[in-house]
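In what follows, a single structure is set out as structure tokens and then discussed.
The values are calculated or read from the model by the stated rules, or taken from the named source; none is laboratory data. Keep in mind the model is a prediction, meaning the values are calculated, not measured. Every residue, glycine as well, gets a Cβ built from its backbone with ideal geometry; the counts of neighbours run over all protein chains shown. These area figures cover heavy atoms from the full protein model, side chains too; ligands, DNA and RNA do not enter into them. Shrake-Rupley method; radii C 1.70, N 1.55, O 1.52, S 1.80 Å.
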Amino acid sequence: MTVKDWYAEAIKFNQYALILLIEFLVYEKAVLKMTDQEEKLLFYLQPKFHSRMNEHLKIYHTKIQLEESGI
């Protein structure tokens, strides 16, 4: 499976947190590509990264909300 496959499944099942994570890693940090294999995504899903990643995602979520609202 590729990151793109994970993204499509996340959209299909309305998994907003996973959608946000993938978009953050692909578009904001550019550490993944949609064509990468799932192992690269799974690296960022390790429990040791949860706390810090949640902080990054909160900030990213706020940023994209502000962009969408035109502020």
Determine the order of Phe49, Phe43, Phe24 by accessible area, beginning with the largest, at a probe radius of 1.4 Å.
Phe43, Phe49, Phe24
Thr2: net charge of surrounding residues, Cβ under 10 Å, Lys/Arg +1, Asp/Glu -1, itself excluded?
0
For the chain, which whole-number percentage of the solvent-accessible area (1.4 Å probe, protein heavy atoms only) is attributable to carbon and sulfur atoms?
57 percent
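So what's the net charge close to Ile64: Lys and Arg +1, Asp and Glu -1, counting the other residues with Cβ under 11 Å from its Cβ?
Values: positive: Lys63; negative: Glu23, Glu28, Glu67, Glu68.
Computed value for this residue: -3.
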Per principal axis, largest first, the Cα atoms of the chain extend in Å by 37, 27, 22
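With every protein chain kept in place and ligands, DNA and RNA left out, what is the accessible area per residue of the chain? Probe 1.4 Å, answer in Å². Before the final figure, lay out the partial values.
Numbers: 5100 Å² over 71 residues.
I get 72 Å² per residue for this part.
Suppose every Lys and Arg Cβ carries +1 and every Asp and Glu Cβ carries -1, with no other charges. What dipole size does the chain come out with about its Cα centre, to the nearest 20 debye? Walk me through the numbers before you get to the answer.
Values: 9 positive and 10 negative charges, 39 e Å.
Magnitude of the dipole: close to 180 debye.
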The farthest towards the positive end of the charge dipole of segment 3-69, of the residues Gln65, His50, Ala10, given +1 on Cβ of Lys and Arg and -1 on Cβ of Asp and Glu, is His50
Per residue of segment 31-46, what does 6.51 cos²θ - 1.76 cosθ + 1.60 with θ = phi - 60° give for ³J(HN,Hα)? Whole Hz please, x for Gly and Pro, Karplus curve as stated.
9, 10, 10, 4, 8, 5, 6, 4, 4, 5, 5, 4, 4, 7, 8, 5
